[in-house]
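The block underneath contains the structure these notes are about, expressed in structure tokens.
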Amino acid sequence: MPADESSNAPSKSEALKFHYTPADTAISGSEDNPHAKATTHNPAVINAMTESFGDEVIGPVETYANEDTVYVSKDRIADVCRFLKEEQGFNYLADLGGIDRFTQEGRFEVFYNVVNMEAKQRLRLKVRVDEDNLHVPTVTSVYRSANWNEREAYDMLGLIFDGHPDLRRMYMPEDFEYYPLRKEFPQLGVPGSLPLPPQAPDGELTMDPFAAAHGSKPAKSYNEPEIEDE
Amino acid sequence: MAEAPSFPGLDLGDKFRFWPKHNEKIYERLESKHAWIEEKRAAAEAAGDGSPEALTTQPSGDGAPLEAEDPLDHQMTLNIGPQHPATHGVLRCVVKLDGETIEKAVLDIGYLHRGIEKLAEHKTYQEFMPYTDRMDYLSPYSNNVAWCLAVEKLASIDVPERAQWIRMIMCELARISSHCLWLGVGLMDAGAVSGFLWTFQQREDIYSIFDEVAGARFTVSHSRIGGVASDLSAEAFRRIRAFTESFRTELGRWEDFLNRNRIWVDRNKDVGRITREEALELGMTGPNLRGSGVDYDLRRFEPYLKYDEVDFNVPTREEGDCLARYFLRMEEMRESVRIIEQCLERIPEGPIRSDDAKQAYPSKEEVYYSMEGMIHDFMYTDVGTVAPKGAHAYHAIESPKGELGFYLTSDGTGRPARMRVNAPSFTNLQGMEYIMEGSLVADTVVIIGSIDPVMGEADK
């Protein structure tokens, strides 16, 4: 609740006191989550990380639904991963990807979901990436399987992974000039950015598959014969 | 740069060439790539005499670069796919051949990319459900359940017991259905067309069960956030029971036919082999990982639904070749039948959906006969489940292809701020690029079948 409750202007959460108003609560529900797993909460591993790297590298730890998320400073992420793999037994990278937190400080995030199969542990690391400096060190030297996931993050969000052996786009063709998973990219795409084949053998290329949504006339695959009114 | 193959019939002349930079980059990559087989050879040389396993597939084992001497024109660049029946979808493999051996392979995916991660950001959690059907379209029910569980974890929604058992039955049926397709198509790739028809007969039975349960044969969308859409009818139970009985016998017949079948074994044995270390390093998942001796099954690793209460084995194999993956999937189907039988025995009576109007749809009786019910239905469609702001959670299930997880981030509205799919086919395909290197062209078909990728999922 806001502190200035006594002031005349009602706070936002009160003005919209309605059954389905999105709850603007802080993170809660960590303890009694019915789907919480025992594997995802590993304070011992996090302590070991802090001991080896110090507080400058290992940032705050968040826990939601019994899942630990450790924020790591960007420059040391490969070292932290190597430590986890070699000393802590996290030998499997389950997932890696980027997040766009548009309008927030430190716009992009990259998360690393690593698994220790012997000890049944799962840990999530996160690094924050600023919009002005989209470079992140690659972890492909530690986990080979990060290769395609990093390519995907590059393709979708434009994050550049320094030292990556093969930083090409993953899904979109190389000729595409945008990063589609960024929040400012429109859902229907940018007209003309991805020409599609013509709708008729001798027709023009389809520059905009959603022409009607952009206020112009969609191309037809055939032309109806003109009927004369005589 | 490698010589780009020219297709005289397809030369568009001065007309637009589709995505010219894209193809250029692929051929560049093919040229500059350090093939894994080169690394293997170097490691074998470093080890001493060169272990025979690493060199068997290599025609000239001396490790000398072959580019300089190619008087017989052995080398060529070959595009397999994207439109090729053996690639099981729109997978494109660009391979550099030396005779019949694949020297280097570059996979190109994205021909089925629909941007479902982007789409999810514009949909409520419930609205997104039908899209999950179209990811791994060979086992839609698993995807529905994976999605529901992820949302339920994010928003901390409890699911009634009966719904969890129903989900388990359906998930295991989806696994059998997916493995049936893998077997049928794999057999057809190896030349046995009749096997395809037998497995599809069983799939047809599963379709009729889905039809009875969900009203749709293929894209079921039957699971709901907070439960399932409808209870199983008596007819559905009868059909499931009949299926488990008949399928056991059928599976036995297939094994009689295949386990000692000379052609099938010869085509699969020692083909596409990955060791335990390689499988972990490449991030393989599901049967492809367990086929190399890694005991990683999410039903055991972090049990969801009621998997910690039923008795089943997680089959693993040590060999890591296509034959191991064949045996493993056959055993998995057998275990699935066992799980279904236990579920049928133990399924309790009770509600099938959460009773909280903020967390799940009300039942249709409420919607039709009470004003509150109708309002709740309307509001749930409009706003849906709302997770707390800043919450983020990852939930994965063991889908037929491997670890299928959703990582959801909430901004306190009814739509996910970011939805991330951890698709098993995507990670498996990454490993396949390395498995293909050093194998024969003819074996590619068997390897693709054995890795069992689904492009709908890999391409997102």
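The values are calculated or read from the model by the stated rules, or taken from the named source; none is laboratory data. Note that this is a predicted model, so its numbers are computed, not measured. Positions of Cβ are backbone-derived with ideal geometry, glycine not excepted, and every protein chain shown enters the neighbour counts.
Are any of the residues in the range B:384-398 in contact with a helix residue (DSSP H, G or I) (Cβ under 6 Å, 6 or more places away or on another chain), of a type outside the set (A, V, I, L, M, F, W, C), within 11 Å of chain A (Cβ to nearest Cβ) and outside any loop (DSSP other than H, G, I, E, B)? Walk me through it before giving the result.
Of the residues in the range B:384-398, the ones in contact with a helix residue (DSSP H, G or I) (Cβ under 6 Å, 6 or more places away or on another chain) are B:385, B:387, B:391, B:393, B:395-398.
Checking the rest, the ones that are also of a type outside the set (A, V, I, L, M, F, W, C) come to B:385, B:395, B:398.
Restricting the remaining residues to those that are within 11 Å of chain A (Cβ to nearest Cβ) gives B:385, B:395.
Cutting the leftovers down to outside any loop (DSSP other than H, G, I, E, B) gives us B:395.
Within the range B:384-398, one or more residues are in contact with a helix residue (DSSP H, G or I) (Cβ under 6 Å, 6 or more places away or on another chain), of a type outside the set (A, V, I, L, M, F, W, C), within 11 Å of chain A (Cβ to nearest Cβ) and outside any loop (DSSP other than H, G, I, E, B).
Within the range B:377-392, no residue that is at pLDDT below 85 sits with its Cβ atom under 8 Å from a residue that is aromatic (F, W, Y) and part of a helix (DSSP H, G or I) at 6+ positions apart or across chains.
Among residues belonging to the range A:170-185 that are modelled with pLDDT under 90 and more than 10 Å from every other protein chain (Cβ to nearest Cβ), point out the one that is surrounded by the most Cβ atoms within 10 Å (Cβ to Cβ). So, considering only residues that are modelled with pLDDT under 90 and more than 10 Å from every other protein chain (Cβ to nearest Cβ), the one surrounded by the most Cβ atoms within 10 Å (Cβ to Cβ) is A:Y178.
If you take the residues of the range B:235-288 that are of a type in the set (A, V, I, L, M) and in contact with a Phe, Trp or Tyr (Cβ under 7 Å, 6 or more places away or on another chain), which of them is farthest from B:E437 (Cα to Cα)? Residue satisfying both the conditions and the ranking: B:L258.
May I ask you to verify whether B:G412 is in contact with a strand residue (DSSP E or B) (Cβ under 9 Å, 6 or more places away or on another chain), at the interface with chain A (Cβ under 7 Å from one of its Cβ atoms) and either within 30 Å of B:V314 (Cα to Cα) or not hydrophobic (A, V, I, L, M, F, W, C) (or both)? No; evaluated as a whole, the condition is false for this residue. Restricting to the range A:149-188, what's the tally of residues that are assigned to a loop (DSSP other than H, G, I, E, B) and charged (D, E, K, R)? Residues flagged as assigned to a loop (DSSP other than H, G, I, E, B) and charged (D, E, K, R) within the range A:149-188 amount to 9.
Results for (1) buried (at least 20 other Cβ atoms within 10 Å of the Cβ); (2) in contact with a Leu (Cβ under 7 Å, 6 or more places away or on another chain); (3) on the phi > 0 side of the Ramachandran plot, shown as yes or no for each residue.
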residue	(1), (2), (3)
B:Y368	no, no, no
B:E372	no, no, no
B:F406	yes, no, no
B:G438	yes, no, yes
B:A442	no, no, no
B:G456	yes, yes, no
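For the range A:37-55, give me the residue count where each residue is in contact with a strand residue (DSSP E or B) (Cβ under 7 Å, 6 or more places away or on another chain), under 11 Å from A:D68 (Cβ atoms) and either exposed (fewer than 15 other Cβ atoms within 10 Å of the Cβ) or of a type in the set (S, T, Y) (or both). Talk me through it step by step, then tell me what you get.
Taking the range A:37-55 as the starting set, the residues that turn out to be in contact with a strand residue (DSSP E or B) (Cβ under 7 Å, 6 or more places away or on another chain) are A:39-42, A:45-46, A:49-50.
Subsequent filtering for residues that are under 11 Å from A:D68 (Cβ atoms) retains A:39-42, A:45-46, A:49.
Checking the rest, the ones that are also either exposed (fewer than 15 other Cβ atoms within 10 Å of the Cβ) or of a type in the set (S, T, Y) (or both) come to A:39-40.
Final tally of qualifying residues: 2.
The condition of being at negative phi, in a helix (DSSP H, G or I) and in the same structural domain as B:L197 (by TED's automatic domain parsing) does not hold for B:N313. Please go through the range A:190-210 and give me each residue that is in a loop (DSSP other than H, G, I, E, B) and either at the interface with chain B (Cβ under 8 Å from one of its Cβ atoms) or under 27 Å from B:E28 (Cβ atoms) (or both), ordered by number. Listed by number, the residues that qualify are A:V190, A:G192, A:S193, A:L194, A:P195, A:P197, A:L205.
Tallying residues that are under 30 Å from B:I448 (Cβ atoms) and surrounded by 18 or more Cβ atoms within 10 Å (Cβ to Cβ) within the range B:338-365 yields 2. Look at the range A:112-128 and say how many of its residues are over 16 Å from B:T285 (Cβ atoms), within 7 Å of another protein chain (Cβ to nearest Cβ) and touching a Lys or Arg at 6+ places or on another chain (Cβ under 7 Å). Total satisfying the criteria: 0.
In the range A:99-117 there is at least one residue matching the filter, namely being crowded, with 22+ Cβ neighbours inside 10 Å and polar (S, T, N, Q). If the condition is being closer than 17 Å to B:S336 by Cβ and β-branched (V, I, T), then the range B:289-319 contributes B:V310, B:V314, B:T316.
Looking only at residues of the range B:400-433 that are among the aliphatic types (A, V, I, L, M) and assigned to a strand (DSSP E or B), we find that the one that is farthest from B:P388 (Cα to Cα) is B:L404. Identification of helices (runs of 4 or more DSSP H) wholly contained in the range B:99-182 with 1 or more residues that are surrounded by fewer than 24 Cβ atoms within 10 Å (Cβ to Cβ) yields B:116-120, B:129-133. Note on the range A:32-133: enclosed strands (runs of 3 or more DSSP E) holding 1 or more residues that are within 27 Å of B:G431 (Cβ to Cβ) are A:67-72, A:92-100, A:108-116, A:121-129.
Kindly indicate whether B:L119 is touching a Leu at 6+ places or on another chain (Cβ under 8 Å) and more than 20 Å from B:D452 (Cα to Cα). Reasoning before the result, please.
Details: touching a Leu at 6+ places or on another chain (Cβ under 8 Å): no; more than 20 Å from B:D452 (Cα to Cα): yes.
So B:L119 does not fit the description; no.
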